[in-house]
Amino acid sequence: MKTWNQERIGRVLQQKDSQWYFNPTAANHQGGVWKRLIRTVRILHSIVCEHPVKEEALTTFHVEVEKLLDRRPITRVSSNPNDLDALTPNDILLLRQNSYSPSGEFEDLDRIKAKWKHVNVLANEFWYAG
């Protein structure tokens, strides 16, 4: 970023009628959502660096983390049981509430169970690190 031509970037953005909204340094409460997502990525990165896995297990781990993240509420959560459930990314992505779909049959069940347990340990570490 130090080598970027700040003046040129500013001129181009002015021509495109860009508007900037700054998050004041002393106002952490205004950037909580972004900060939380950045923290999530940092946790994910540290877990993967500490526990190297093969590509197949890494993909499974990412899918598990994706399921966890897509279940987080993006609207206010009500304590009233008569209110609607909070909206989640899954509700929007799937156009319905998330439901469990069973996996298929596997031939080498012991090997797959061991890998699955390892991925679950990583997913739990991710979940509880946040």
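The values are calculated or read from the model by the stated rules, or taken from the named source; none is laboratory data. The shown structure was predicted, so the numbers you read here are calculated from the model rather than taken from an experiment. Here the Cβ is made from the backbone with ideal geometry for all residues, glycine too, and neighbour counts use every protein chain on show.
Within the stretch 13-65, track down each residue that is surrounded by fewer than 14 Cβ atoms within 10 Å (Cβ to Cβ), within 25 Å of L94 (Cβ to Cβ) and modelled with pLDDT of 75 or more.
The answer is R36, L37, V41, E56, T59, V63.
Which number in (1) of a type outside the set (D, E, K, R); (2) over 27 Å from A129 (Cα atoms); (3) at pLDDT below 85 marks the one condition that P81 misses?
The number of the failed condition is (3).
Need the failing condition index for R111 against (1) basic (K, R); (2) modelled with pLDDT under 85; (3) surrounded by 12 or more Cβ atoms within 10 Å (Cβ to Cβ), just the number.
(3)
How many residues does the stretch 29-80 hold that are outside any helix (DSSP H, G or I) and either in contact (Cβ under 8 Å) with a residue 24 or more places away in the chain or under 14 Å from A123 (Cα atoms) (or both)? If you could, list the steps in order and put the result at the bottom.
Filtering the stretch 29-80 for residues outside any helix (DSSP H, G or I) gives 31, 51-54, 70-80.
Going one step further and asking which of them are either in contact (Cβ under 8 Å) with a residue 24 or more places away in the chain or under 14 Å from A123 (Cα atoms) (or both), we end up with 51-53, 70-71.
Residues flagged as outside any helix (DSSP H, G or I) and either in contact (Cβ under 8 Å) with a residue 24 or more places away in the chain or under 14 Å from A123 (Cα atoms) (or both) within the stretch 29-80 amount to 5.
Within the stretch 98-107, identify whether any single residue is at pLDDT below 85 and in a helix (DSSP H, G or I), and answer yes or no. Even if it seems obvious, please write down each step before you answer.
Step one: of the stretch 98-107, the residues at pLDDT below 85 are 98-107.
Still in the list and also in a helix (DSSP H, G or I): none.
Taking every residue of the stretch 98-107 in turn, none turns out to be at pLDDT below 85 and in a helix (DSSP H, G or I).
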